[in-house]
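See below for the structure under consideration.
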Amino acid sequence: MNHTTRCDNGSKGPSRRSFLTGTGSILGAVALGGLSFPARAAVPETIADAATVPALVIGTGYGGCVAALRLAQAGVDVHMIEMGMAWDTPGADGKIFASTTSPDQRSYWLRTRTKQPLSNFLGFPIDRAIPRYTGVLDAEEFAGITVYQGRGVGGGSLVNGGMAVTPRREYFGGILPTVNPDEMYDVYYPRANAELGANLIDPAWFESTDCYQFARVGRKQAQRSGFPFVFVPTVYDWDYMEQEAAGTVPKSALAGEILYGNNYGKKSLEKTYLPKIRATGRVTISPLHRVTTVEPTSGGYTVTMEQLNTNGDTVATKQVTAARVFFAAGSVGTSKLLVKLKSTGALPNLDGEVGKGWGDNGNVMCGRANHLWDPTGPLQSTIPTLGIDNWANGGAFAEVAPLPTGIETYASFYLSITRTPNRGEFSWNAATGKADLNWQTAWKQTSIDAAKSIFDKINAKEGTIYRTDLFGVYKVWGDQLTYHPLGGAVLNRATDNYGRLRGYPGLYVIDGSLIPGSTAVNPFVTITALAERNIENIIATDL
Ligand code: FAE
């Protein structure tokens, strides 16, 4: 296990943050809802208005971090622009992030009320008022679907469950049909997994620890119904979690931390790619800067961005010139930007495929009510580590997920990733000045049917029923959301086969928007591996 990772965890050491610009740079000392954020020193790393830069990366998630690291290692100076906060400063409670059971203003991006994926418990709504703030989880609402995304330096790695899953090779042709599987499985998946620190739980500890009783119950029931289950690699520091269970270190996965950030044990990008990026000395990161337009100019592209305060207000507008621009704003962020830039005439020659091929990775949630003699345990690690793989027969891969409420719920909870043909499309709405997505909630029915191929059978075998109290009153399926937006700038359609935006030399897409709607499993390993493949080609060919 990586002990240096753990030393970084508490955010107390000066080392890992020294290159970061702080949110306090904009507001100085602020006190919000009992949390005080101390003033920070001047931040020369923030990008200057009218700067001319060789490479600009929009977004600091998986795709953005791969691009920045490899470009910097190739000798290119890089500026990363991130609309979310730096997440480098503890609040009054000594923690950077809030726990899932006690959301506060740190939890949501510019909302005055939480929008929890599990909206109800025992039928009662559990959302609550919070102060508006540039918090870490965005529940972005479109027609028919709420898309959850991470906001801040590290993107989705700040809020995700850390499941680091490589799709089975036989399914790869259906995921990225124009990419050579040999190079992915021989070179880029191993590279991505190594950089991300993907690793498996110690099986002996899994069998004995209270915090995975919920997963052992899930496994037992899956086995009794004849489903293959798999241990899934994660990017959690398992050594750290064992110490959490022993009570020798501050708790993180065992303290209900996940959706709104993880304070210690998860190897987010802040513990993997980002320290390496800073160590190159060639990369600056500007948090609370949101890119609004990109248009051609002599010598490259003019990139316009708004600098935000923690209320989400624009406090400055900057224009910089970049020779190369990498769109890594995530599937939704990149798609929204590209359809806007094409429709408003900033980049009119973008391919007509821009905005198309968007999917939800077939996400659908459900819970099952267990018998009283089959408790799932009051202590549940927030990091899922088991999956039920029924992709071949029913088109569903289900995470056995925790319900980290701190009390015995007698519930088993699952996030299923399913095969679904439905794809949405982003388009620019000139009247509202926003990008729309034409998704319909009814399109989730194919995902529900696929998930039922697993859970109807388990319920029949166990003599159990679905929970109806988690997503509303008498509502079985969590079909209103996705955690896994993919597509909108599909590889070899909206771009060439390496992410180059045709017609605009020096413009690239390098994030989840390249993947046409599904990865058959959780997506971030595939996003990272594809980015590693593409940037290698781009550096070799274009620089
Ligand atoms: P992403 O990580 O979203 O990064 C994009 C970044 O760009 C963000 O930091 C944005 O704030 C920023 N940005 C957007 N627009 C702009 C703009 N205009 N200007 C400046 N910055 C901008 O993109 N995946 C797994 O594989 N395993 C899991 O266990 C898992 N669990 C998840 C749980 C939750 C609750 C959520 C929300 C997601 C989960 N995911 C999981 C999905 C995963 O985090 C996601 O696929 C990746 O983060 C997407 O990576 P990208 O690089 O595409």
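Quick note: the coordinates plus some simple rules give every number you see, no bench work behind them. Owing to the predicted nature of the structure, the values given are computational and were not obtained by experimental measurement. Glycine also receives a Cβ, built like all others from the backbone with ideal geometry; neighbour counts cover every protein chain displayed.
Would you mind calculating the gained length between Ala194 and Arg168 on full extension (0.36 nm times residue separation, minus the Cα-Cα distance), in nm to one decimal?
On the way: separation 26, 0.36 × 26 = 9.36 nm, distance 1.76 nm.
Answer, rounded to one decimal: 7.6 nm.
Globularity index of the stretch 169-298 is 1.42 (Cα radius of gyration / 2.2 N^0.38 Å, N = number of residues).
Its residues counted as N, the stretch 429-501 yields a C-alpha radius of gyration over 2.2 N^0.38 Å of 1.65.
If you take every DSSP beta bridge fully contained in the chain, what fraction is antiparallel? Give it as a percent rounded to 5.
Working: 61 of 81 bridges.
In the chain, approximately 75 percent of DSSP beta bridges are antiparallel ones.
Projecting label points 7 angstrom from Cα along Cα→Cβ for Ala316 and Ala430 puts them 3.4 nm apart. Convex hull volume of the C-alpha atoms in the stretch 240-372, normalised per residue: 205 Å³.
For Lys276, the lysines whose Cα falls under 19 Å of its own Cα, not counting residues fewer than eight places away in the same chain, are Lys12, Lys266, Lys267.
Each of Trp205 and Asn438 was given a label point 7 Å from its Cα along the Cα-to-Cβ line. The distance between the two points is 5.0 nm.
Using alpha-carbon pairs under 8 Å, 6+ residues apart, how would you state the relative contact order of the stretch 465-532 in percent?
On the way: 73 pairs, mean separation 17.2, N = 68.
The value is 25 percent.
The alpha-carbon atoms of the stretch 416-539, seen along their principal axes, cover 60, 39, 20 angstrom, with the largest extent given first. Normalised Debye scattering of the stretch 50-152 at q = 0.16, 0.21 Å⁻¹ gives log10 I(q)/I(0) of -0.82, -1.09, counting only Cα atoms as equal scatterers and leaving out solvent.
If you take the square roots of the eigenvalues of the alpha-carbon gyration tensor of the chain and sort them as a ≥ b ≥ c, do you get rounded (a/c under 1.5), prolate (a/b over b/c) or oblate?
Working: a/c = 1.57, a/b = 1.32, b/c = 1.19.
Judged from the Cα gyration tensor, the chain comes out prolate (a/c at least 1.5, a/b above b/c).
What does the charge count around Ala98 come to, taking other residues whose C-beta lies under 9 Å from its C-beta (Lys +1, Arg +1, Asp -1, Glu -1)? For residues surrounding Ala98, the net value is -1.
Please state the relative contact order of the stretch 402-543 as a whole percent: Cα pairs under 8 Å, 6+ residues apart? Intermediate values should be presented prior to the final figure.
Numbers: 135 pairs, mean separation 23.4, N = 142.
Normalised by residue count, the contact order of the stretch 402-543 is 17 percent.
Rounded if a/c is under 1.5, else prolate if a/b beats b/c, else oblate: with a ≥ b ≥ c from the C-alpha gyration tensor eigenvalues square-rooted, which is the stretch 490-543? Provide the component values of the computation, followed by the final result.
Numbers: a/c = 2.99, a/b = 1.55, b/c = 1.92.
Here the stretch 490-543 falls in the oblate category.
Each residue, Glu408 and Thr178, gets one label point 7 Å from its Cα in the Cβ direction; the gap between the two is 5.6 nm.
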